[in-house]
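Enquirer: Quick one: the structure is below, and I'll ask about it shortly.
The values are calculated or read from the model by the stated rules, or taken from the named source; none is laboratory data. Treat the numbers as computed from the prediction; the structure is a model and nothing was measured. Reconstructed Cβ throughout: ideal geometry from the backbone, glycine too, with neighbour counts over all protein chains shown.
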Amino acid sequence: MAQILADRRDIDFVLHEQLGVESLAKDERFADFNRKAIDLIVSEARNLAMKEILPTQVDGDRIGARFEAGKVTVPESYHKAWKALRDGEWMAMNEDPEVGGQGMPRVVANAASEYLMAAGVAFLMHSGLTHGAGKLIETFGNDKQKKLFLKKLYSGQWAGTMLLTEPDAGSDVGALTTTATPNGDGTYSIVGNKIFISGGEHDMTENIIHPVLARIEGAPAGTGGISLFLVPKIWVNDDGSLGEPNDIVCTGIEEKMGIHGNATCALSLGSKGKCRGTLLGEANKGMSAMFLMMNDARLMVGNQGMTLASAAYMYALNYARTRIQGRSLLKMRDKNAPAIPIIQHPDVRRMLLTMKVYVEALRSLSYYIAYCNDRVALAADPEEKDRFQGLIDFLIPITKGFGTERSFDVCSTAMQVYGGYGYIRDYPVEQLLRDVRISAIYEGTNGIQALDLLGRKLGQNGGKPIRDLFEEIHATLTAARGVDRTAPLAEKMEPLVLRLEEVARHMGVTAMYGDLLNAAAHAHPFMMACGEVVTGWMALWRAQIAAEALGKGAKDKDAAFYEGQIKSAEFFAQTLLPVAMGHLEAILSGSTTANDILEDSFGGK
Ligand SMILES: Cc1cc2nc3c(=O)[nH]c(=O)nc-3n(C[C@H](O)[C@H](O)[C@H](O)COP(=O)(O)OP(=O)(O)OC[C@H]3O[C@@H](n4cnc5c(N)ncnc54)[C@H](O)[C@@H]3O)c2cc1C
């Protein structure tokens with residue numbers, strides 16, 4: 001079975017033809033990252049993924065993380081893969097070399113991560129969270145914390161986690177009850193129970209550093225009274241040596257549907273009154289600090305969805321080309337007609353094309369956000385910085401919320417392409433479908449993402465980010481109108497964009513001055529509609545570049561690839577766009593039924 005994981009031609013297209021990322025090398029900071037260097041990094045990541053990470057995928061699923069007497073073990077291939085990540089310095093690709101990173105543009109790191117993640121998402125979560133914990137320390141830590149922890153995390157010598165959730169504080173993090181009491185020596189005594197902690201305990205590293213949300217005694221209720229603490233599994237002495245084990249007990253790990261190789265731990269902190277931590281950042285500002293990590297983690301989860309969807313599409317495509325079943329509809333009466341590969345059946349082509357459109361659009365979206373991050377990092381002009389940051393902020397709930405929902409659909413469609421074999425463990429899409437499902441739930445459920453889009457992002461900075469986004473989309477419409485083959489597609493796309501602008505105004509007004517509950521009931525459809533428009537935008541942008549390349553005489557494989565881009569945009573405009581338009585009409589109709597229905601009328605009584 002071919003293991004392609006991701007379409008390299010498509011990755012190169014997004015990097016070099018759509019985003020032109022080598023232009024980042026004009027800035028001194030990224031001067032080393034010319035086309036040759038970028039291509040080499042992506043190739044190296046692919047090799048590493050195939051050789052070292054891919055074995056973790058099946059082992060993680062079949063052997064899984066195991067729990068015995070407070071200890072968690074992971075399969076041997078995880079240890080090997082972790083060492084390979086460390087040896088190759090893949091943990092902090094886009095961080096400053098001064099603090100142990102590789103200094104590469106984020107968009108390049110994104111491309112490399114695509115291969116790594118597609119090869120073993122449950123394994124790679126460990127390094128993603130480790131990097132996130134390091135980033136928190138780099139941004140909010142004092143000199144001592146940076147000295148003790150930063151390089152050890154960025155190098156993967158130690159691992160990191162993220163401790164927010166408690167039994168009664170899931171989506172509502174502000175309800176947490178974990179407490180922190182000053183010890184008088186600069187440390188705090190932490191007491192509480194955290195659940196569902198990814199990689200909360202394992203045997204890959206000698207130490208695990210937990211950023212923990214807790215409330216300092218006497219602090220206000222709600223999110224405004226939450227602080228962030230660094231709580232190591234093993235205490236780290238001032239000289240960097242390891243001290244006593246901290247009072248943290250893993251009381252169990254969850255049996256779950258997918259990502260079996262990543263232990264989801266219940267952690268008891270301070271049950272003996274001896275769990276120590278240090279304050280990270282300012283007291284009572286823990287939530288805003290944690291948002292930094294959560295935003296990165298939300299992008300990571302959006303990428304998890306996209307990479308698994310991409311792998312599922314590659315597997316399904318390969319299967320459809322080789323599985324022989326049934327005869328051509330046009331030769332139904334001919335008993336001697338040969339059986340054909342299922343890729344020739346119209347319904348299978350419909351499924352493949354639907355998957356192709358979403359995978360490509362989600363890849364473009366993911367890389368675009370990473371590229372915006374690079375533009376933020378390089379921008380000297382504060383207005384330009386704000387514009388790119390606003391675009392990132394607005395697109396995060398879309399890539400996480402819409403992206404993971406569509407990624408699940410893609411994995412499910414991949415299973416359908418396989419027929420019965422898709423449901424069987426011997427074939428890879430069964431695991432991909434199980435593994436991808438969590439992406440819609442953790443890191444803020446997609447319901448919470450939708451509320452974030454409506455409640456925070458839509459009105460952020462007087463609505464500037466969404467206006468900037470529409471400006472970008474209109475620029476693509478204008479460019480596409482100037483190319484013969486994409487002009488009709490732009491004509492079809494424009495009414496959808498204009499309708500979304502109207503719906504966005506309607507949602508903003510309803511949420512602020514009308515009926516908050518009904519705005520909330522339409523928040524998820526609104527997020528999905530934004531995602532559909534972004535999908536159409538990306539498809540059109542790609543098609544316009546492809547049409548220009550064809551106009552310049554692209555040949556053979558390249559010509560087929562570019563034709564495929566135009567077909568994706570055509571399929572979106574003719575088949576998916578009307579459905580998206582229908583969703584926008586439904587939002588505008590302002591149905592109040594979801595709120596009107598009596599609880600007893602849901603049935604079941
Ligand atoms: C495998 C796995 C790994 C995880 N890893 C971590 C981790 O590393 N660190 C960590 O801290 N947490 C982690 N989590 C926890 C995860 O982030 C939470 O499960 C998630 O945030 C939802 O919280 P909950 O499970 O309590 O569901 P609830 O908050 O009870 O939500 C249940 C349902 O109600 C909806 N809902 C709740 N409140 C609202 C609201 N105000 N408005 C609209 N809808 C609402 C939700 O969208 C959802 O559909 C993990 C969970 C799992 C399953």
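Enquirer: Please go through (1) surrounded by fewer than 19 Cβ atoms within 10 Å (Cβ to Cβ); (2) touching a helix residue (DSSP H, G or I) at 6+ places or on another chain (Cβ under 8 Å) for Ser198 and return the number of the only condition it doesn't satisfy.
Expert: Every listed condition holds for Ser198 apart from (1).
Enquirer: Here is a follow-up. Test Gly64 against the criterion of being within 30 Å of Tyr427 (Cβ to Cβ) and not in a helix (DSSP H, G or I), and give yes or no. First the steps, then the outcome.
Expert: Numbers: within 30 Å of Tyr427 (Cβ to Cβ): yes; not in a helix (DSSP H, G or I): yes.
In short, yes.
To keep it simple, each residue is scored yes or no on (1) touching an Asp or Glu at 6+ places or on another chain (Cβ under 8 Å); (2) farther than 30 Å from Asp374 by Cα.
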| residue | (1), (2) |
| --- | --- |
| Phe33 | yes, no |
| Ser43 | no, no |
| Asn47 | no, no |
| Met50 | no, no |
| Asp59 | yes, yes |
| Glu76 | yes, yes |
| Lys83 | no, no |
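Enquirer: Counting only residues that are within 30 Å of Leu124 (Cβ to Cβ) and either modelled with pLDDT under 95 or in a strand (DSSP E or B) (or both), how many does segment 178-207 have?
Expert: The qualifying residues number 8.
Enquirer: Just name the residue that is nearest to the ligand (Cβ to nearest atom) out of those in segment 250-265 that are surrounded by 19 or more Cβ atoms within 10 Å (Cβ to Cβ) and not in a loop (DSSP other than H, G, I, E, B). First the steps, then the outcome.
Expert: Going through segment 250-265, the residues surrounded by 19 or more Cβ atoms within 10 Å (Cβ to Cβ) turn out to be 250, 253, 258-265.
Add one more test, that the residue is not in a loop (DSSP other than H, G, I, E, B), and what stays is 250, 253, 264-265.
Numbers: Cys250: 13, Ile253: 10, Thr264: 4, Cys265: 9 Å.
Among those residues, the one meeting the criterion is Thr264.
Enquirer: I would also like to ask the following. Can you list residue pairs whose Cβ atoms sit under 8 Å apart, with the first residue in segment 157-177 being in a loop (DSSP other than H, G, I, E, B) and the second being of a type in the set (S, T, N, Q) and buried (at least 24 other Cβ atoms within 10 Å of the Cβ)? Count only pairs 6 or more apart in sequence or on different chains.
Expert: Trp158/Thr130
Enquirer: In segment 530-605, which helices (runs of 4 or more DSSP H) lie fully inside it and hold 3 or more residues that are within 25 Å of Pro465 (Cα to Cα)?
Expert: Details: elements: 556-571, 577-589, 593-596.
Hits in segment 530-605: 577-589.
Enquirer: Here is a follow-up. Working carefully through the options Ala490, Ala529, Ala504, find the one that is more than 16 Å from the ligand (Cβ to nearest atom), in contact with a helix residue (DSSP H, G or I) (Cβ under 7 Å, 6 or more places away or on another chain), touching a residue at least 12 places away in the same chain (Cβ under 8 Å) and under 30 Å from Gly128 (Cβ atoms). Lay out the reasoning, then the answer.
Expert: On the way: Ala490 fails: under 30 Å from Gly128 (Cβ atoms); Ala504 fails: under 30 Å from Gly128 (Cβ atoms).
When all the criteria are applied, what remains is Ala529.
Enquirer: Is it true that some residue in segment 425-446 is without any contact (Cβ under 8 Å) to a residue 12 or more places away in the chain, in contact with an Asp or Glu (Cβ under 8 Å, 6 or more places away or on another chain) and under 28 Å from Met355 (Cβ atoms)?
Expert: There is no residue in segment 425-446 that is without any contact (Cβ under 8 Å) to a residue 12 or more places away in the chain, in contact with an Asp or Glu (Cβ under 8 Å, 6 or more places away or on another chain) and under 28 Å from Met355 (Cβ atoms).
Enquirer: Take Thr593 and decide whether it is surrounded by 13 or more Cβ atoms within 10 Å (Cβ to Cβ) and either out of contact with any helix residue (DSSP H, G or I) (no Cβ under 9 Å at 6 or more places or on another chain) or among the hydroxyl-bearing types (Ser, Thr, Tyr) (or both). Give the derivation first.
Expert: Details: surrounded by 13 or more Cβ atoms within 10 Å (Cβ to Cβ): no; either out of contact with any helix residue (DSSP H, G or I) (no Cβ under 9 Å at 6 or more places or on another chain) or among the hydroxyl-bearing types (Ser, Thr, Tyr) (or both): yes.
For Thr593, the condition - surrounded by 13 or more Cβ atoms within 10 Å (Cβ to Cβ) and either out of contact with any helix residue (DSSP H, G or I) (no Cβ under 9 Å at 6 or more places or on another chain) or among the hydroxyl-bearing types (Ser, Thr, Tyr) (or both) - is not met.
Enquirer: Something else: Here are some residues: Ala549, Ala560. Which one is farther than 28 Å from Thr404 by Cα, without any contact (Cβ under 8 Å) to a residue 40 or more places away in the chain and out of contact with any Gly (no Cβ under 8 Å at 6 or more places or on another chain)? Outline the logic, then answer.
Expert: Details: Ala549 fails: without any contact (Cβ under 8 Å) to a residue 40 or more places away in the chain.
Testing whether each residue is farther than 28 Å from Thr404 by Cα, without any contact (Cβ under 8 Å) to a residue 40 or more places away in the chain and out of contact with any Gly (no Cβ under 8 Å at 6 or more places or on another chain) leaves just Ala560.
Enquirer: Now a separate question. Working only within segment 154-194, note down all residues that are aliphatic (A, V, I, L, M), crowded, with 21+ Cβ neighbours inside 10 Å and within 16 Å of the ligand (Cβ to nearest atom).
Expert: Within segment 154-194, the first condition is being aliphatic (A, V, I, L, M), and the residues that meet it are 159, 162-164, 169, 173, 175-176, 180, 190-191.
In the following step, the residues that additionally are crowded, with 21+ Cβ neighbours inside 10 Å were identified as 159, 162-164, 176, 180, 190.
Scanning segment 154-194 gives Ala159, Met162, Leu163, Leu164, Leu176, Ile190.
Yes or no, residue by residue, for (1) closer than 29 Å to Ala65 by Cβ; (2) buried (at least 18 other Cβ atoms within 10 Å of the Cβ):
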residue: Lys274; (1), (2): yes, no
residue: Ser288; (1), (2): no, no
residue: Gln304; (1), (2): yes, yes
residue: Tyr313; (1), (2): yes, yes
residue: Tyr319; (1), (2): no, yes
residue: Gly326; (1), (2): no, no
residue: Leu330; (1), (2): no, no
residue: Ile369; (1), (2): no, yes
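Enquirer: Next question, about the same structure. What do you reckon, is His210 in a helix (DSSP H, G or I) and either under 20 Å from Gly70 (Cα atoms) or over 18 Å from the mean Cα position of the chain (by Cα) (or both)? I'd like the intermediate steps shown before the answer.
Expert: Numbers: in a helix (DSSP H, G or I): no; either under 20 Å from Gly70 (Cα atoms) or over 18 Å from the mean Cα position of the chain (by Cα) (or both): yes.
No; evaluated as a whole, the condition is false for this residue.
Enquirer: Specify which of the listed residues (Gly261, Gly224) is of a type in the set (Gly, Ala, Ser) and either over 23 Å from the mean Cα position of the chain (by Cα) or modelled with pLDDT under 95 (or both).
Expert: Details: Gly261 fails: either over 23 Å from the mean Cα position of the chain (by Cα) or modelled with pLDDT under 95 (or both).
Exactly one of Gly261, Gly224 is of a type in the set (Gly, Ala, Ser) and either over 23 Å from the mean Cα position of the chain (by Cα) or modelled with pLDDT under 95 (or both), namely Gly224.
Enquirer: Before we move on, is Ser268 closer than 30 Å to Ala133 by Cβ, among the hydroxyl-bearing types (Ser, Thr, Tyr) and within 16 Å of the ligand (Cβ to nearest atom)? Spell out the reasoning first.
Expert: Numbers: closer than 30 Å to Ala133 by Cβ: yes; among the hydroxyl-bearing types (Ser, Thr, Tyr): yes; within 16 Å of the ligand (Cβ to nearest atom): yes.
So Ser268 passes the test.
Enquirer: Can I ask one more? Would you mind stating whether Gly141 is surrounded by 19 or more Cβ atoms within 10 Å (Cβ to Cβ), at pLDDT 95 or above, away from the ligand (no atom under 16 Å from the Cβ) and not aliphatic (A, V, I, L, M)?
Expert: Details: surrounded by 19 or more Cβ atoms within 10 Å (Cβ to Cβ): yes; at pLDDT 95 or above: yes; away from the ligand (no atom under 16 Å from the Cβ): yes; not aliphatic (A, V, I, L, M): yes.
So Gly141 fits the description; yes.
Enquirer: Identify the single condition in (1) without any contact (Cβ under 8 Å) to a residue 40 or more places away in the chain; (2) surrounded by 21 or more Cβ atoms within 10 Å (Cβ to Cβ) that Leu299 does not satisfy, given that it satisfies every other one.
Expert: Result: Leu299 passes all but (1).
Enquirer: Also: Yes or no: Glu201 of a type in the set (Asp, Glu), free of Cβ contacts under 8 Å to residues at least 40 places away in the same chain and within 16 Å of the ligand (Cβ to nearest atom)? First the steps, then the outcome.
Expert: On the way: of a type in the set (Asp, Glu): yes; free of Cβ contacts under 8 Å to residues at least 40 places away in the same chain: no; within 16 Å of the ligand (Cβ to nearest atom): yes.
So Glu201 fails the test.
Enquirer: Right, another one. Suppose we filter segment 375-402 for residues that are more than 19 Å from the chain's Cα centre (by Cα) and aliphatic (A, V, I, L, M); how many remain?
Expert: So in segment 375-402, the residues more than 19 Å from the chain's Cα centre (by Cα) come out as 375-387.
Next, from what is left, pick out any that are aliphatic (A, V, I, L, M): 376-380.
Adding up the residues that qualify gives 5.
Enquirer: Another question, then. Here is a list: Gln304, Gln325. Which entry is within 16 Å of the ligand (Cβ to nearest atom) and either within 30 Å of Leu432 (Cα to Cα) or in contact with a Phe, Trp or Tyr (Cβ under 8 Å, 6 or more places away or on another chain) (or both)? Spell out how you get there, then give the answer.
Expert: On the way: Gln325 fails: within 16 Å of the ligand (Cβ to nearest atom).
Going through Gln304, Gln325 in turn, the sole match is Gln304.
Enquirer: Right, another one. Please go through segment 457-476 and pick out each residue that is within 16 Å of the ligand (Cβ to nearest atom) and without any contact (Cβ under 8 Å) to a residue 40 or more places away in the chain.
Expert: none
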